[in-house]
Amino acid sequence: MTTTLNPGGAAASARPAAAAVVRLFLLTAALPASAEPLAMTEVAPGVFVHQGAIAEPAPDNAGDTANMGFIVGDSFVAVIDTGGTPELGRRLRESIAARTDRKPVIVINTHMHPDHVFGNAAFTGIPIAGHANLRDALAARQEVYRQRLTEELGAGTAAGIAPVRVDRPVAEEVRVDLGNRILVLTAYPTAHTNNDLTVFDRKTGTLFTGDLLFVDHVPAIDGNAMGWLRVIDRLERVPAVRAVPGHGPARVAWPGALDAQRRYLTVLVQGVRRVLKAGGGIQDAVAHVAEEERERWLLFDAYNPRNVTATFAELEWE
């Protein structure tokens, strides 16, 4: 059974087999100007994206390493991911205020990783939507993420990070009506993580993939490779014309942008299987698997060994 979410946040029964439609009428006052707005690209009418750096969080990029954006409807605004620090969230909120007098009424987190959610602190009082698994997954790691952020960017960077909230959990599919603009939120089984969610703007054919799609930045596995390959098969059937990846350019053509990621994950799985078949160990796998992909991706040395290790554990007993 699906649900319709009323303005107060309570759930009411809805027609079976119908996707839930979220009609949000909660308006919150804009925060006073407090930060320089983020640079935004309008990738489609009313769809704005900020492109993060393809890099590890560091003082020179202020933790701005993931894509985020917002979509403007006739009545309301939806925010999609909020960046890796409260300050980035404040700058995103200033960017919204600079482009529209309509207010954000929902923040949608595509998954739990801190570079996508720690900016939530700037959107106090606004409901947060995410995968039904997101709250527990983030709660288990939030303090570790906070400590890492402090180590990477310095004392005080993590100040104000909000307690874990998911006010609108998505188990399968939910629709958000921004006023003459329907967004379709879809939850997926374990792939990049166990809490991945996409946002599809039907009006412009724009798909926010979160980290279900990496472009240029080597994919990072925090779920499992086989599940991710299955999800890619589902994703390519989404009738989008462009996508906003979690990392990479502000927009890419769809579904062709999936090809390189599918190739990398396939090479990874096949390579680990060859090592296992030959009786090799995890060190053999880390040393050799997917080396042919090295020149095709940024941050390869930071993530490929982790990906091989995770995939080795995943496939060792298949």
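FYI, it's all coordinate maths here, none of it is from the lab. Please read all numbers here as calculations on a predicted model, not as lab measurements. Note that we place each Cβ from the backbone using ideal geometry, even for glycine, and neighbour counts take in every protein chain shown.
Across segment 42-60, which residue is farthest from Thr157 (Cα to Cα) among those that are under 19 Å from the mean Cα position of the chain (by Cα) and surrounded by fewer than 16 Cβ atoms within 10 Å (Cβ to Cβ)? Checking each candidate, the answer is Glu42. Taking the conditions (1) in a loop (DSSP other than H, G, I, E, B); (2) within 25 Å of Asp64 (Cβ to Cβ); (3) out of contact with any Asp or Glu (no Cβ under 9 Å at 6 or more places or on another chain) in turn, Leu213 satisfies each one other than (1).
Candidates are the residues of segment 60-111 that are touching a residue at least 60 places away in the same chain (Cβ under 8 Å) and of a type in the set (Asp, Glu); the one that is farthest from Leu207 (Cα to Cα) is Glu87. Tell me which residues, restricted to segment 283-312, are under 19 Å from Thr193 (Cβ atoms) and in contact with a helix residue (DSSP H, G or I) (Cβ under 8 Å, 6 or more places away or on another chain). Within segment 283-312, Asn304, Pro305, Asn307, Val308, Thr309, Ala310, Thr311, Phe312 qualify. Scanning segment 147-196 for residues that are touching a helix residue (DSSP H, G or I) at 6+ places or on another chain (Cβ under 8 Å), among the charged types (D, E, K, R) and without any contact (Cβ under 8 Å) to a residue 60 or more places away in the chain returns Arg148, Arg165. Filtered by the rule that a residue be over 22 Å from the mean Cα position of the chain (by Cα), farther than 19 Å from Ala191 by Cα and among the hydrophobic types (A, V, I, L, M, F, W, C), segment 249-307 gives Val275, Leu276, Ala278, Ile282, Ala285, Val286, Ala287, Val289.
Can you name every residue in segment 157-212 that is among the acidic types (Asp, Glu) and in contact with a Lys or Arg (Cβ under 6 Å, 6 or more places away or on another chain)?
Answer for segment 157-212, where residues must be among the acidic types (Asp, Glu) and in contact with a Lys or Arg (Cβ under 6 Å, 6 or more places away or on another chain): just Asp177.
Annotation note: Cβ proximity below 9 Å between a residue of segment 241-266 that is farther than 22 Å from Asp201 by Cβ and a residue that is among the hydroxyl-bearing types (Ser, Thr, Tyr) (sequence gap 6+ or interchain) occurs for Leu265/Thr311. Restricting segment 174-206 to residues that are surrounded by 19 or more Cβ atoms within 10 Å (Cβ to Cβ) and in contact with a Pro (Cβ under 9 Å, 6 or more places away or on another chain), the residue that is farthest from Gln51 (Cα to Cα) is Ala187.
Within the bounds of segment 106-120, is there any residue that is of a type outside the set (Lys, Arg) and farther than 22 Å from Ala220 by Cβ? Among the residues of segment 106-120, at least one is of a type outside the set (Lys, Arg) and farther than 22 Å from Ala220 by Cβ, which makes the answer yes. Being of a type in the set (Asp, Glu), farther than 19 Å from Gly248 by Cα and surrounded by fewer than 23 Cβ atoms within 10 Å (Cβ to Cβ): is that true of Asp74 here? Spelling it out, Asp74 is indeed of a type in the set (Asp, Glu), farther than 19 Å from Gly248 by Cα and surrounded by fewer than 23 Cβ atoms within 10 Å (Cβ to Cβ).
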